[in-house]
Amino acid sequence: MSAEVRNLQAALDSFSEPWQPRRLVSVNDYDVKVVKLLGEFTWHSHPDTDELFMVISGRLVIQLRDGDVELAPGDVYVVPRGVEHCPRADAEVSAILIEPQGTVNTGDAPSERTTQLRELD
């Protein structure tokens, strides 16, 4: 990826589909992704990596088997590697995800929600 200035709000405004992350930038071997979330995702884990969620707008619930984590705008939470989780957004959420390059969005639970990482237009 080239060294260019990216605007977070412009990136979020460029798409509307939920659960379809877009690469904002890459840093070393990590992707910084923007995503919109709406509804319930799928239960899954990432056996080899942690997953960072940063909420930009809306309220996100990360369901865990031992209790829920609720995130508001500005909140950051890291789901540890191997921990089964299921994000849920009762209304639209805009968020940033930081994960190693090549991380599959549905982790170890392929489903109809599994998608390839898209580039921003």
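Every number in this text was worked out from the coordinates using simple rules, so none of it is lab data. The structure presented is a predicted model; accordingly, all values stated were derived computationally and were not measured. Don't worry about glycine lacking a Cβ; one is built from the backbone with ideal geometry, like all the others, and counts go over all protein chains shown.
Sorting Thr103, Thr115 from the fewest to the most surrounding beta carbons within 10 angstrom yields Thr115, Thr103.
Entry note, the chain: relative contact order of 32 percent, from Cα contacts under 8 Å with a spacing of 6+ residues.
Note that segment 44-50 has calculated 3J(HN,Hα) couplings of 6, 9, 10, x, 10, 8, 6 Hz, one per residue in order, obtained from phi through the Karplus relation 6.51 cos²θ - 1.76 cosθ + 1.60 (θ = phi - 60°); glycine and proline are x.
The H on the amide N of Leu24, modeled in the peptide plane, is under 5 Å from the matching H of Val32, Lys33, Val34, each at least 5 residues off or on a different chain.
Spin-label pair Ala3-Gln20: with each label point 7 Å from Cα along the Cα-Cβ axis, the two points sit 3.3 nm from one another. Here the Karplus relation 6.51 cos²θ - 1.76 cosθ + 1.60, evaluated at θ = phi - 60°, turns the backbone of segment 55-61 into coupling constants of 7, 8, 8, x, 10, 10, 10 Hz, with x for every Gly and Pro. Backbone geometry of segment 81-96 corresponds, through the Karplus equation with coefficients 6.51, -1.76 and 1.60 at θ = phi - 60°, to 3J(HN,Hα) couplings of 3, x, 8, 5, 8, 8, x, 9, 10, 6, 9, 4, 10, 10, 8, 10 Hz, x marking Gly and Pro.
In this simple spin-label approximation, Ala10 and Glu70 carry label points 7 Å from Cα along the Cα→Cβ vector, and these lie 3.6 nm apart. The magnitude of the dipole of segment 22-104, with charges of +1 and -1 set on the Cβ of Lys/Arg and Asp/Glu and taken from the Cα centre, is near 280 debye.
Over the residues of the chain, the helix contribution to mean residue ellipticity at 222 nm works out to -1000 deg cm²/dmol, using -39500 (n - 2.57) for each DSSP H run of at least 4. Listed from fewest to most Cβ neighbours within 10 Å, the set Ser57, Ser14 follows the order Ser14, Ser57. Considering only Asp66, Asp90, Asp50, the mean-square fluctuation computed in a Gaussian network model of the chain, springs between alpha carbons under 10 angstrom, is largest for Asp66. With all pairs of different C-alpha atoms in the average, the Kirkwood value for the hydrodynamic radius of the chain is 14.4 Å.
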